[in-house]
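Some notes on the structure that comes next.
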Amino acid sequence: MGTSGCGKTTALKYLDAAYTQLYPTARHYVLDTKIDGGDFNLWPNTVMSDTCPAKPGSNDRYQVWRVVKIIPEEIEKWLWMVRHDPPAVLEIDELYSLVYKRNTYSDEYNILQKVGRGLPVGSITLTQELSKIPSNAFKQSTHRLGFYIDGRYDQLVRNDMLKFKVEQPKDTFGVYYQHINGRGEPDYFKDIQSFLGL
């Protein structure tokens, strides 16, 4: 979680590489709702469409869906496909794209968050619109990373996500880490590389 340009997508890419080493047979599904961003342009098997892409071929390790228009039924179809293709890693570049109307979000994402590890399907989810996301959409997360947080979201982040009052990161790409069952204040790292021990 964090505002635009704080390092969330870079963190996703480092975490993706770590997942690739840990789980070499898992397929990686990336939902990219920022058409003009180009953060995943060079990633393999990219599909640009507003309808659910077909299941990747058996030898394809990645599918990047660059969504042209958010159509809830199509997103749900795609998430259902991810859920039924374990082992997999689901990577969502903006969680707010799964909030279809106020206080209502994707049923399939909810299922994945509740039973994902048992499938096994892991997920990496990025967001900067935390205040507009139903709390149960992110309370299922096991590991939480907080980058630069805009003042509007501080209270929500501190109370619901990191469970402690935190200051703005001292470093440009600084990040706070909190395990869902963590006790005490979140750990602070100067960047995602330090967090991963790189």
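The values are calculated or read from the model by the stated rules, or taken from the named source; none is laboratory data. This is a predicted model, so every value here is computed, not measured. Cβ placement follows ideal geometry from the backbone for every residue including glycine, while neighbour counts extend to all protein chains displayed. The area values use the complete protein model at the heavy-atom level, side chains included, leaving out ligands, DNA and RNA. Shrake-Rupley method; radii C 1.70, N 1.55, O 1.52, S 1.80 Å.
Charged neighbours of Gln63, selected by a Cβ distance under 12 Å, balance to 0 (K, R count +1; D, E count -1). Looking at segment 42-141 alone, DSSP beta bridges between its own residues are antiparallel in about 20 percent of cases.
Does segment 30-91 come out rounded, prolate or oblate by the C-alpha gyration tensor, with a ≥ b ≥ c the root eigenvalues, rounded set by a/c under 1.5 and, if not, prolate when a/b is larger than b/c and oblate if not? Oblate, because a/c is 1.5 or more while a/b does not exceed b/c. Each of Tyr29, Gly116, Val67 was placed along the dipole of segment 28-137 (beta-carbon charges, centred on the mean Cα), and the one lying farthest toward the positive end is Gly116.
Per the 1.4 Å probe, what fraction of the accessible area of segment 1-97, in percent, lies on carbon and sulfur atoms? Carbon and sulfur atoms account for 54 percent of the accessible area of segment 1-97. Placing unit charges on the Cβ atoms of the charged side chains and taking the dipole of the chain about its Cα centre, the candidate lying farthest along the positive direction among Ser4, His179, Asn103 is His179. This model, with +1 at the C-beta of Lys and Arg and -1 at the C-beta of Asp and Glu, gives segment 36-154 a dipole about its Cα centre of some 380 debye. Based on protein heavy atoms only, segment 1-101 ends up with 47 Å² per residue of surface accessible to a 1.4 Å probe.
Among rounded, prolate and oblate, which fits segment 86-149 when a ≥ b ≥ c are the square roots of the eigenvalues of its C-alpha gyration tensor, a/c under 1.5 means rounded, and a/b larger than b/c means prolate? It is oblate, given that a/c is not under 1.5 and a/b is not larger than b/c. A Cα-only calculation for the chain places Rg and Dmax at 16.2, 46 Å.
In whole angstrom, segment 44-137 maps to an equivalent ellipsoid with semi-axes of 21, 16, 11, each derived as √(5λ) from the alpha carbon gyration tensor and ordered largest first.
Note on the chain: antiparallel DSSP beta bridges, both residues inside, total approximately 30 percent of the bridges counted.
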